[in-house]
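To keep things clear, I will list the structure first and then write my remarks on it.
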Amino acid sequence: MTEPMQEVQPVTLSSQAFLILCRLFDGVYDELKQNEQIVELVESIANMLLAGVETLEKQEEKPKKITFPMTIQQTFFLRRLVIDLLAHAPREGDDKTKQWLQECLAALSGGGGQSNVD
């Protein structure tokens with residue numbers, strides 16, 4: 001069964017927030033792949049994130065911001081993962097990581113990636 005072309009939208013994050021998002025996804029990748037209904041989605045997200053990391057590694061001067069294309073389905077899925085992680089994050093902890101996750105959430109929600117959370 002072929003799926004219709006999906007709308008792609010650019011998502012912009014700071015380099016550090018992008019790497020945090022990659023680390024989050026990597027941490028749940030094996031578990032997510034066990035669900036046959038979302039294997040293709042999980043693989044497409046993994047491939048996109050990996051391509052972004054490889055591009056970053058090739059650059060001598062690391063950019064402050066990264067823009068990458070995502071389908072609405074990929075964006076929604078990653079947004080749900082970030083929301084879940086933030087909901088289960090301990091109140092005490094790394095505030096900088098929480099800020100980067102908030103930035104991810106804002107970018108994946110269409111907020112341009114900028115977080116006003118202190």
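The values are calculated or read from the model by the stated rules, or taken from the named source; none is laboratory data. If you're wondering where the values come from, they're calculated on a predicted model, not measured in any experiment. Reconstructed Cβ throughout: ideal geometry from the backbone, glycine too, with neighbour counts over all protein chains shown.
Tabulated values for the structure
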{"read-out": "Helices (runs of 4 or more DSSP H) lying entirely in the range 25-110 (those with 1 or more residues that are closer than 13 Å to SER15 by Cα and acidic (Asp, Glu))", "value": "39-58, 95-108"}
{"read-out": "Selection within the range 78-102 - surrounded by 15 or more Cβ atoms within 10 Å (Cβ to Cβ) and either in contact with a Leu (Cβ under 6 Å, 6 or more places away or on another chain) or at pLDDT below 90 (or both)", "value": "LEU78, ARG79, VAL82, LEU85, THR97, LYS98, GLN99, TRP100, LEU101"}
{"read-out": "Evaluation of GLY110 against (1) exposed (fewer than 13 other Cβ atoms within 10 Å of the Cβ); (2) modelled with pLDDT of 90 or more (one fails), failing number", "value": "(2)"}
{"read-out": "Pairs with Cβ under 7 Å, 6+ apart, first in the range 20-31 and over 11 Å from LEU81 (Cβ atoms), second buried (at least 20 other Cβ atoms within 10 Å of the Cβ)", "value": "ILE20/TRP100; ILE20/LEU101; ILE20/CYS104; CYS22/LEU49"}
{"read-out": "Qualifying residue in the range 4-12 (condition: touching a strand residue (DSSP E or B) at 6+ places or on another chain (Cβ under 8 Å), modelled with pLDDT of 90 or more and under 22 Å from LEU86 (Cα atoms))", "value": "yes"}
{"read-out": "Where LYS64 falls short, out of the listed (1) touching a residue at least 40 places away in the same chain (Cβ under 8 Å); (2) surrounded by 10 or more Cβ atoms within 10 Å (Cβ to Cβ)", "value": "(2)"}
{"read-out": "Per-region count, the range 41-57, residues of a type in the set (D, E, K, R) and either touching a strand residue (DSSP E or B) at 6+ places or on another chain (Cβ under 6 Å) or farther than 14 Å from THR75 by Cα (or both)", "value": "2"}
{"read-out": "Failed condition for ARG23, given (1) in contact with a Leu (Cβ under 7 Å, 6 or more places away or on another chain); (2) surrounded by fewer than 16 Cβ atoms within 10 Å (Cβ to Cβ); (3) not aliphatic (A, V, I, L, M)", "value": "(1)"}
